[in-house]
Amino acid sequence: MRITTDYYEIDDLLSADQLLIRQSIRDFVSKELEPPIEDCAQAHTEIPDLMKKLGKAGALGSFIPSAYGGAGLDQLSYGLIMQELEMGDSAIRSAASVQSSLVMYPIFAFGSEEQKRKFLPKLASGELVGSFGLTEPNHGSDPAGMETRLTKDGKGYRLNGSKLWITNAPTCDVAVVWARDDSKKVRGVLVERGMDGFSTPETLHKWSLRASRTGELVFDELYISEENILPEVNSMRGPLSCLNSARYGISWGAIGAAIDCYQTALSYSLERKQFGKPIASFQLQQKKLAEMLTEITKAQLLSWRLGVLKNEGKATPQQISLAKRNNVKMALDVARESRQILGAMGVVGDYPIMRHMMNLESVITYEGTHDIHLLITGQDITGISGF
Ligand code: TGC
Ligand code: FAD
């Protein structure tokens, strides 16, 4: 029996520090987050104080310099953190992805010194919860068509419009919102809870990511002063570069979900007997398990190499798209096969598989759908846009 998922000894490619970080997040997830996760998902509610717990464990903004409250770690460490969090649940990884890559990263990359000092340390500790508003009711895959407007008003601006499907919208203290200004440039706006004309209705009845709260960001003549505008960004490159960071993390996170499903299915298949034999002894079940481990191993190598390229500042958005697309589909396929191995037991919450499977239906849609990432690769290969 081989329960390990390090089939190609990829751990040998990681530093002692990276292995230590992975172990500490693994311990944290298994002690503090796995026990409540199933009940939270069933009840469609998040783990209480999740962001503060993630902050305390060092899982937020790991690549942000320590001067701003981050840990100043490298990209492989960030990926490993995402893998361990998503082994617990995609909702946990989502919370950390949004906070780190979609809120802290743009403030760090495009914010003023005052904005960095005001928001980053509290986001790193989880004292503040952040959200990222790009998607709109009429613009999902084509965010460049955004209708949210930032119009000049005296010394400041008025923000009007809405964002939909926003992770942590109902609980966020600060939202990084993307809008077009009077000259049609894309601007990043820091919207804070309590501002007049800002509301965040929740989107209920999700069958996926049930331990994550999703909602709208609605702006009605919301007054924005200059100090809440990110000064260093004025095009779609801004929001899309945040997505690069989050999509890279998701490529690792998906491996975590797949490993949890695979290990559950392997253990179950060794224990469960039918026709007088463990179901693991049947060739059809061995085929499923062997193919799962093959695909997990390929995904691990992809993310590891991407992490190295990212550390060297060489990873392209197109390489990131390929890994996000491949690894999320891989994880969804592993979850579906694992669920079959458990038979009827696969559909109940005693095992994590169905929860991962349902979560991954969101993961394959957000941060660019499976098809959009294929078109990004297609465009890169042919030089022709298929959008
Ligand atoms: P296009 O004309 O190709 O490009 C516009 C400008 O942006 C540049 N660019 C990028 N820059 C950095 N990183 C990237 N990935 C970039 N992709 C493009 C490009 O070079 C160009 O720059 P410039 O200076 O020449 O103007 O843009 P397009 O409008 O045709 O759209 C391209 C497309 C379709 C690939 C893009 O819009 C896209 O990726 N669509 C998918 C939308 C998406 O992923 N939304 C995610 C929302 S956030 C979310 O889902 C969070 S889930 C959180 C969780 O819970 O984990
Ligand atoms: P659409 O763009 O309407 O696409 C519908 C279908 O058409 C898809 O299959 C798509 O692949 C296909 N399609 C679209 N265009 C083309 C084309 N040119 N060629 C071929 N096929 C095409 N967004 C945020 O901004 N912030 C968040 O925090 C956030 N969190 C989310 C959390 C959850 C749980 C979910 C489900 C979504 C979240 N999103 C968030 C939104 C997410 O990014 C969008 O759902 C995603 O980008 C797709 O947009 P859409 O749902 O409008 O689908």
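The values are calculated or read from the model by the stated rules, or taken from the named source; none is laboratory data. All figures in this text were calculated on a predicted structure; none of them were measured in a lab. Cβ atoms come from the backbone with ideal geometry, glycine included; neighbour counts cover every protein chain shown.
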Hey, can you tell me all the residues within segment 224-249 that are outside any helix (DSSP H, G or I), more than 6 Å from ligand 1 (Cβ to nearest atom) and not hydroxyl-bearing (Ser, Thr, Tyr)? Ile224, Ile229, Leu230, Pro231, Glu232, Val233, Asn234
Quick test for you: out of Ser131, Ser162, Ser141, pick the one residue that is within 28 Å of Lys206 (Cβ to Cβ), of a type in the set (Ser, Thr, Tyr) and buried (at least 23 other Cβ atoms within 10 Å of the Cβ). Ser131
Members of segment 144-159 found to be of a type outside the set (D, E, K, R) and surrounded by fewer than 17 Cβ atoms within 10 Å (Cβ to Cβ), listed by number: Ala144, Gly145, Thr151, Gly154, Gly156
What do you reckon, is Phe282 aromatic (Phe, Trp, Tyr) and farther than 30 Å from Trp178 by Cβ? yes
For Gln300, state whether it is of a type in the set (S, T, N, Q), assigned to a helix (DSSP H, G or I) and free of Cβ contacts under 8 Å to residues at least 24 places away in the same chain. no
Selected residue (criterion: nearest to ligand 2 (Cβ to nearest atom)) from residues of segment 337-363 that are surrounded by fewer than 21 Cβ atoms within 10 Å (Cβ to Cβ) and in a loop (DSSP other than H, G, I, E, B): Gly349
Over segment 99-144, the set of residues assigned to a loop (DSSP other than H, G, I, E, B) and β-branched (Val, Ile, Thr) is Val129, Thr135
Would you confirm whether or not segment 145-166 contains a residue that is more than 11 Å from ligand 2 (Cβ to nearest atom), of a type outside the set (S, T, N, Q), assigned to a helix (DSSP H, G or I) and not assigned by TED's automatic domain parsing to the domain that holds Thr365? no
If you take the residues in segment 371-386 that are out of contact with any helix residue (DSSP H, G or I) (no Cβ under 6 Å at 6 or more places or on another chain) and closer than 29 Å to Trp207 by Cβ, which one is nearest to ligand 2 (Cβ to nearest atom)? Asp371
